[in-house]
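Structure first, commentary second.
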Amino acid sequence: MGLRINDTVPDFTAETDQGTITFHDWIGDSWAILFSHPKDFTPVCTTEFSAVAQLSEEWSKRNTKVLGVSVDGVEDHKKWKKDIEEYGKAAPGFPIIADDGLAVSKAFDMLPAEAYLPDGRTPADSATVRSVFIIGPDKQLKLSMTYPMTVGRNFAEILRALDGLQMSLGKGVATPANWMPGEDVIIPPTVSNEDAKVKFGEFDTIFPYLRKTKAPE
């Protein structure tokens, strides 16, 4: 059974290039982003890891830890990080799980239970290990998305989605299409006009079910 929004994500203990972690303990009181890759030393994934490294200050501002997953070993991860830093001109300070036994990939339903890595494997053997999971401090899944190997992930969009989640869950609002921080937000239909006035002050009613207001501070 695949993970659904608001499910508690699997806890696990795994080796990374920065030592052993236990996932829920590692998250602590932070938000977390788990992003997975089918193999080290692959072109698209190298550009993606570089993009994540370049955003290190942005993750920190949002109290968010990032954690890579790749189905290769610790030593390969350490070597690959040199390429990642050279390409992106930013040090990848986040850990990468050595999921060579596929335990994490299977726990997060990126691979079937019977999957294994054949000798001489290629990235195609673990092509579905291309997901992003945004996890709240409550250890529940807030958002997930999966990409094919040929399409690089847009981490600016992942950052925007994180902002939307932190705004909506923290302030009791929703965000409209293409929302960016600082723009108006949506008042949930479950909030009456009277309560909306008390909670948000002025708001615009486009339809009875669609009301917008300034983003709460």
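The values are calculated or read from the model by the stated rules, or taken from the named source; none is laboratory data. Keep in mind the model is a prediction, meaning the values are calculated, not measured. Ideal geometry is used to build each Cβ from the backbone, glycine not excepted, and the neighbour counts take in all protein chains shown. Please note that ligands, DNA and RNA were not included when accessible areas were found on the heavy atoms of the full protein model with its side chains. Shrake-Rupley method; radii C 1.70, N 1.55, O 1.52, S 1.80 Å.
So for segment 63-112, averaging the separation of alpha carbon pairs under 8 Å that are six or more residues apart and normalising by length, what relative contact order in percent results? Could the numbers behind the result be given before it?
On the way: 47 pairs, mean separation 22.6, N = 50.
In percent, rounded to a whole number, it is 45.
With the simple spin-label model, which puts each label point 7 Å out from Cα in the Cβ direction, the TYR147 to ASN6 separation comes to 2.9 nm. Charge dipole (Cα centre; +1 on Lys/Arg Cβ, -1 on Asp/Glu Cβ; no other charges) of the chain amounts to roughly 560 debye. The C-alpha atoms of the chain define a longest principal axis, and helix 155-171 lies at about 40 degrees to it. In order along segment 187-200, the Karplus-derived 3J(HN,Hα) couplings, from 6.51 cos²θ - 1.76 cosθ + 1.60 at θ = phi - 60°, round to 7, x, x, 6, 8, 5, 4, 5, 5, 5, 4, 5, 7, 10 Hz, and Gly and Pro are given as x. In this structure the chain gives 51 Å² per residue of accessible area when probed at 1.4 Å with all protein chains present.
Here the Debye sum runs over all C-alpha atoms of the chain as equal scatterers in vacuum, and log10 of I(q)/I(0) at q = 0.07, 0.12 Å⁻¹ comes out as -0.26, -0.68.
Between rounded, prolate and oblate, where does segment 14-114 land on the alpha carbon gyration tensor, with a ≥ b ≥ c its root eigenvalues, rounded for a/c under 1.5, else prolate if a/b exceeds b/c? Don't jump to the answer; show the numbers that get you there.
Values: a/c = 1.72, a/b = 1.11, b/c = 1.54.
Verdict is oblate for segment 14-114.
Structure note, pairs LYS89/LYS214; LYS89/LYS142; LYS81/LYS106; LYS61/LYS139: Cα-Cα distances above 28 angstrom occur for LYS89/LYS214; LYS89/LYS142. Got a number for carbon plus sulfur as a percent of the chain's accessible area, 1.4 Å probe? Carbon and sulfur together cover 52 percent of it.
Return the calculated 222 nm mean residue ellipticity for the chain, to the nearest 500 deg cm²/dmol, obtained by summing -39500 (n - 2.57) across DSSP H runs with n ≥ 4 and dividing by the residue count. Kindly include the intermediate steps, with their values, before the conclusion.
Values: 7 runs with 68 residues, N = 217.
That calculation yields -9000 deg cm²/dmol at 222 nm.
Pairs of Cα atoms nearer than 8 Å and 6+ residues apart set the relative contact order; for the chain it is 21 percent. Build a GNM of the chain with springs between Cα atoms under 10 Å: which of GLY19, GLY93, GLY164 gets the top mean-square fluctuation? Result: GLY19 has the largest fluctuation of those listed.
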